[in-house]
Amino acid sequence: MLAVGSELDVHHVLDTIVRTSTELLGAKYGALGVLDESRTRLVDFLTVGIDAQQHAQIGSLPEGHGILGLLIVDPKPLRLPDLTRHPDSFGFPPGHPQMTSFLGVPIAVRGEVFGNLYLCDKTDGEEFDDADVELAVGLAAAAGVAIENARLHAKVAEFATITDRERIARDLHDTVIQRLFAVGLSLQTTIRLVEHDGARGRLSQAVDDLDTTVRDIRAAIFDLHTTEASGRSVRHRVLDVCTEYERVLRFEPVVRFAGPVDTAVTEQLSDDVVAVIRESLSNVARHASATSVEVLVRADGDGVTISVSDNGVGLSVKAGAGRGLSNLSERADQRGGSFAASGSEGGGTTAIWVVPLSSPNPPSPQD
């Protein structure tokens, strides 16, 4: 309980919960599935006992079918001596290790199911017993308290961040922009006093550069004043996905943003942006054998551009694997955009997904 409760970041809390539970119950495999807002499917899935190579072979994360879905439909402890014999068993995807005994318990936060803790195959070869169920239920209760604690900490940190954002925006507007504006006016006055054409040209270029800088700062101020209605900005959601895939890739993706991403991208479009990055990183993890990947998200007058570049084996080897590239192309078509993937001679692949900010036929939530 001390180990779980000592973490203040929600993601670290979840990781500590599943690792601690797997160790204390002597399980070979452990997992923690986080439910979406509708409480009908899993949107995140943390595992213990499955290495990066197995993750890559398995592919997409589970959404809550079969045995995993039983706890979603009926959130109460479930213990099975052999999950493969249960009528709701969904089977294992290719590359998934075989598992037999199963123990699952729901994790509740403030009386509402947050997710489920799953454990499989005790290391001593025995089945899970009543004592294991009791311990797992206790751990789930401690986990619920720790998650709520981390959420409260995040809210406090977010409030502090908003306060800092307001202060920075005020300083940029009241001090930095005013000084740049004054320097620009001074240079414009100086230009009329300079006779040398080369010097006049350089001064004019400097004034233009100052104008561009002022526009960039004003855009940054607007971003600082604006947050996504849901409380999670597009930038935060993108960074969360990249952090999630750091465990699968075994290295940290480089993430870059350009333009007013948080203000230009609508909430519905942000769902597609996150899905495209998730699909792209999944493709890299499964097929590229890469050691680095760079994600760029750009918002401008032409729309939203997502570029994902890796240094892996190249497109020729990856092209025939799975439906990943087709899914990305279909998402772009649905929004009147385009998708292209290309390889370089020295290896590596760059995938570019571009859509307008407003789609003529946006995909429905069921798509």
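The values are calculated or read from the model by the stated rules, or taken from the named source; none is laboratory data. Just so it is clear, the model here is predicted, and its values are computed rather than measured. Ideal geometry is used to build each Cβ from the backbone, glycine not excepted, and the neighbour counts take in all protein chains shown. Heavy atoms of the whole protein, side chains included, go into the accessibility calculation; ligands, DNA and RNA do not. Shrake-Rupley method; radii C 1.70, N 1.55, O 1.52, S 1.80 Å.
In the range 152-177, which residues are of a type outside the set (A, V, I, L, M, F, W, C), surrounded by 12 or more Cβ atoms within 10 Å (Cβ to Cβ) and modelled with pLDDT of 75 or more?
Of everything in the range 152-177, those that are of a type outside the set (A, V, I, L, M, F, W, C), surrounded by 12 or more Cβ atoms within 10 Å (Cβ to Cβ) and modelled with pLDDT of 75 or more turn out to be Arg170, Asp171, His173.
Does Thr47 satisfy being in a helix (DSSP H, G or I) and modelled with pLDDT of 85 or more? Spell out how you get there, then give the answer.
Details: in a helix (DSSP H, G or I): no; modelled with pLDDT of 85 or more: yes.
In short, no.
What number goes with the only condition from (1) of a type outside the set (Ser, Thr, Tyr); (2) modelled with pLDDT of 85 or more; (3) in a helix (DSSP H, G or I); (4) open to solvent by less than 40 Å² (accessible area, probe 1.4 Å) that Ala290 does not pass?
Checking Ala290 against (1) of a type outside the set (Ser, Thr, Tyr); (2) modelled with pLDDT of 85 or more; (3) in a helix (DSSP H, G or I); (4) open to solvent by less than 40 Å² (accessible area, probe 1.4 Å), the one that fails is (3).
Which of the residues that make up the range 62-97 are among the hydrophobic types (A, V, I, L, M, F, W, C) and surrounded by fewer than 19 Cβ atoms within 10 Å (Cβ to Cβ)?
Those that are among the hydrophobic types (A, V, I, L, M, F, W, C) and surrounded by fewer than 19 Cβ atoms within 10 Å (Cβ to Cβ): Val73, Phe90, Phe92.
Taking the options Val34, Val48, name whichever one is in contact with a Phe, Trp or Tyr (Cβ under 8 Å, 6 or more places away or on another chain), over 25 Å from Ser289 (Cα atoms) and touching a residue at least 12 places away in the same chain (Cβ under 8 Å).
Val34
Give the range 262-277 a look and list any residue that's of a type in the set (A, V, I, L, M) and modelled with pLDDT under 85, or say none.
Ala264
If you scan the range 61-97, which residues turn out to be without any contact (Cβ under 8 Å) to a residue 24 or more places away in the chain and charged (D, E, K, R)?
Glu63, Asp74, Asp82, Arg85, Asp88
Hey, any hits in the range 219-227 for a residue that's at pLDDT 80 or above and part of a helix (DSSP H, G or I)?
No, there is no match, as no residue in the range 219-227 is at pLDDT 80 or above and part of a helix (DSSP H, G or I).
Name the residue that is surrounded by the fewest Cβ atoms within 10 Å (Cβ to Cβ), counting only residues in the range 230-287 that are of a type in the set (Lys, Arg) and in a helix (DSSP H, G or I).
Result: Arg247.
For the subset of the range 107-134 comprising residues that are of a type in the set (A, V, I, L, M, F, W, C) and without any contact (Cβ under 8 Å) to a residue 40 or more places away in the chain, which member is surrounded by the most Cβ atoms within 10 Å (Cβ to Cβ)?
Filtering first and then ranking leaves Ala108.
Do you know which of the residues in the range 190-207 that are part of a helix (DSSP H, G or I) and open to solvent by 70 Å² or more (accessible area, probe 1.4 Å) is nearest to Ile217 (Cα to Cα)?
The residue in question is Gln205.
Just to be sure before I move on: is Glu23 free of Cβ contacts under 8 Å to residues at least 60 places away in the same chain, in a helix (DSSP H, G or I) and not small (Gly, Ala, Ser) in the structure I sent?
On the way: free of Cβ contacts under 8 Å to residues at least 60 places away in the same chain: yes; in a helix (DSSP H, G or I): yes; not small (Gly, Ala, Ser): yes.
In short, yes.
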